[in-house]
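Any read-out appearing in this document is the output of simple, stated calculations on the displayed coordinates, not a laboratory observation. Because the structure is predicted, anything quoted here is derived from the model rather than measured. Note that each Cβ is placed from the backbone with ideal geometry, even for glycine, and that neighbours are counted across all protein chains shown.
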Amino acid sequence: MAKKELKSILATDCGSTTTKAILIEYIDGEYRQTLRGEAPTTVEAPFEDVTKGVLNAIKEIEELAQVTNPNRKFLDDDTIITPQKGDVGADIYISTSSAGGGLQMMVAGVVKTMTGESAERAALGAGAIVMDVLASNDGRMDHEKVERIRQLRPDMILLSGGIDGGTVSHVVDMANLIASADPKARLGMQYKLPVIYAGNKDATPDIKKALEQRTALTVVPNLRPVLEREELGPARHAIHDLFMEHVMSHAPGYNKLMEWTAVPIMPTPGAVGSIIETIAKINKIQVVGVDIGGATTDVFSVFRNEEIGEDVFNRSVSANLGMSYSVSNVLAEAGLENVMRWVPFDIDRSDIRNRIKNKMIRPTTIPHALEELIIEQAIAREALRLAFEQHKALAEGLKGVQRQRTVGDFVDQTESGATLVNVLNLNMLVGSGGVLSHAPRRQQTALMMIDAFLPEGVTQLAVDSIFMMPHLGVLSQVHPEAATEVFEKDCMIRLGTCIAPVGNAKKEGAKCVTVEIDMPDGTKATHSVNYGDMLLVPLPVGVNVQATITPERGFDMGEGNGKPVEDRLYGGVTGIVIDARGRQPFTIPTDDTERVRKLREWHKALNIYPNS
C-alpha cells in the first residue's frame, strides 16, 4: 500500500491475559504511533468472545482521541469502522494473537538432526511452540510415540522426511504412525487435526493414503528437496493459513475477529519474528531479538550463512524459562551459584531460594525493595543466557551436507551444522518483555543484555518500549516501510552501543582498549579502559559518531589481534558502554568478597543502582 492509501492503522495483540491496541497515523509525512489502549482478554468464561476485549481496548483509544477531537470515532456499536472517512474509522485493522495458549505443534522427521530439525525450524519460525520432535531414530518405541501424540494433543503436526527422489519408506512409516495415533484437535473435537506434509514428493501418494481420511492433510513442497538446501517458506505459509482456518476459527469469537481484519491474524511470536526479519532486511544488518515473559523466552536472530550466501532467520522458544511461572525452572537449569554470581551483596543461599519460590507461587508480584529488584534482574540474566544458548544450538547450518574441502578449509575447520550465531558479527541486540522494557533505569536493561548475551566487537543495544513489536510485525506484511518507521521512532528505545574486545589479559588492570571518538562539536575524545573495567561514555539519542577502536595485543575487535577498527557508534539513553571485562571466556571472581567488589565497581561505573 502507498502512503496516500494508508493514513490510519488500528492494530491489536490478543494476549493470554491482556489485549493491547495501538493507533498508528500518517502525520506530517511520517508514520507515528499516537495512542494505545489495553483491556483484559475475553477468550475464556464468562465472556468467551475475544472480540469483547478487542472492542474494549479500542474503546479506550477512542476515548483518548476524543479528548482533543470530540468527533473522532472508531466503533459503531460492536463493529470497527473501516476505512476512515473524515474523523470516523481507521483505514485498516490488523491483529495478532497468542490467546488460548498460542499455536502448539508437534513436528516429525525421518532423521532427528536433519529433517527433524528443519521441521522444527519451520514451525518455530511460523510462531509455534514446538511440543515435541518425533523421528525414526529418536530412541523411542512406536507405541511410545503414539502415546506421546495422544497425550500432547497438538493444534497441528508438521511431517517431513527424505530428499526429493530418495527413499520413501521411512517417511511413510512416520505417516502410518501418526494415523494409528488417530490424533484429535485440541480445539474443536468434531474437527480433524491439521497435518502438513513437507517431505519427499515421491512419497505423496502413500502419505495421502495413510493420512487423508483421518486428518486434514495439506501437502506443500519439501523442506529439504536436496541435502544442501532448506526451503522453509512454503511450510511456514501453510502453518499460518491452517492456524487461521483450524485453530483460530474454533476459539471463541475469532470467526468474527477474522472478518474484521484486513490480513490474516498472525501468532504473536510469528509477528515479532516478522518485524525482526524486516528490520534486518531493510537496514542490511545482523540482528538478535529476545522477548522474555513470565513462562517462556523467545529468541529471534538473522545471521548471514556464508555457505549459501543468504541471511537466515531463526527463532527458538525456551518454554520453561521465564520470570514468574517458570522462575523456578531458571534456578534449576542455571544452578544457584550462577544466579548468585550477579548479586552484589552477601545473602544466605536459602533466603534467595525462598524468594524465587515465592515469586513462582505469586507470579504477578513485582519487586518493592532494591534487594528484590537486584535478585530478579540476576535471574533474568540467567534466563536470557540459557535461552540464548538453546537458540545457538538450534540456529545451525544444515547437517549431513557434504563439503568439498579446499586449502583454506585447513585453516577454517567449521563443520556443516555449526551454529550460525556469531556475536562478533552482530550489529543490533533488541530486548523486549517486562523485566527489560520496564526496568527502573535503562542502564539496568543495557547491563542485563550485555551480561546475558556477551556481545563482542561493536553492537547497538535497543529495547521495545511498550511491547509494540507484534503489532508492527503483522503491519510489516502490509506496509514494511510504515512498520519500520514506527519501530525506529516509537517502538525501539535506543540504549546506545556496546564496545567489547574479545580476549583476556593475564592480570586485572592491564591496558585493554583505547577508543578515540570524533565528537559532534569537532573535538576528539579519547578513552582508555583497563582489563576488568567498564566505562560509560554519555552520547544522546540521535547522535551518531565515528570512532577508532584500538585493542591491545591479545584482544580482537574483529580485524585481528591488536588491530584497530573504525566503526560508527550510535548514541542512546544509556550511551556508549566500553566493556573491557574480557570474552572467551568471560569470568566473574568466585570468591564472594572479590565478586561483590567487582560487581559494585561495574554498577558504579554504569550508574546502575544509584545510592545503593
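Tabulated data for the structure shown
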{"quantity": "Equivalent ellipsoid dimensions for the range 205-328 as semi-axes, Å, which come from the Cα gyration tensor, largest first", "calculated": "27, 24, 17"}
{"quantity": "Neighbourhood net charge (13 Å Cβ-Cβ; Lys/Arg +1, Asp/Glu -1) for VAL133", "calculated": "+1"}
{"quantity": "Distant-in-sequence amide H partners of SER97 (H built 1.01 Å from N, under 5 Å)", "calculated": "CYS14, MET266, THR268"}
{"quantity": "Residues with amide H under 5 Å from that of VAL312, placed H, sequence gap 5 or more", "calculated": "PHE303, ARG304, ASN305"}
{"quantity": "Where labels lie 7 Å past Cα in the beta-carbon direction, separation of VAL67 and THR34 in nm", "calculated": "1.4 nm"}
{"quantity": "Around THR590: net Lys/Arg minus Asp/Glu count, Cβ-Cβ under 10 Å", "calculated": "-2"}
{"quantity": "Mean residue ellipticity (222 nm) of the chain, computed from DSSP H runs ≥ 4 via -39,500 (n - 2.57), nearest 500", "calculated": "-9000 deg cm²/dmol"}
{"quantity": "Ascending count of other beta-carbon atoms within 10 Å, so fewest first, for MET519, MET557", "calculated": "MET519, MET557"}
{"quantity": "Phi to ³J(HN,Hα) by Karplus 6.51 cos²θ - 1.76 cosθ + 1.60 over the range 518-530, Hz, x for Gly, Pro", "calculated": "7, 6, x, 7, x, 8, 10, 10, 10, 10, 9, 10, 8"}
{"quantity": "Overall Cα dimensions of the chain, principal axis frame, Å, largest first", "calculated": "71, 70, 52"}
{"quantity": "Cα gyration tensor category, rounded, prolate or oblate, for the range 313-372 with a/c compared to 1.5", "calculated": "prolate"}
{"quantity": "Isotropic mean projected area of the C-alpha convex hull, the range 102-260 (nm²)", "calculated": "8.7 nm²"}
{"quantity": "Projected area averaged over orientations for the range 3-99, convex hull of C-alpha atoms, nm²", "calculated": "6.1 nm²"}
{"quantity": "Axial C-alpha extent at least 15 Å, average Kyte-Doolittle at least -0.5 - helices from the chain (DSSP)", "calculated": "50-65, 169-181, 268-283, 370-394, 442-453"}
{"quantity": "For the range 548-556, 3J(HN,Hα) per residue [Karplus equation, 6.51 cos²θ - 1.76 cosθ + 1.60, θ = phi - 60°, Hz, x = Gly/Pro]", "calculated": "10, 10, 10, x, 6, 4, x, 10, 9"}
{"quantity": "Footprinting exposure proxy for ARG140, ARG385, ARG349 (fewest neighbouring C-beta atoms within 10 Å first)", "calculated": "ARG349, ARG140, ARG385"}
{"quantity": "Rg/Rg_ref, the range 517-605, where Rg_ref = 2.2 N^0.38 Å and atoms are Cα", "calculated": "1.22"}
{"quantity": "Size of electric dipole in the chain: Cβ of Lys, Arg +1 and of Asp, Glu -1, about Cα centre, debye, nearest 20", "calculated": "620 debye"}
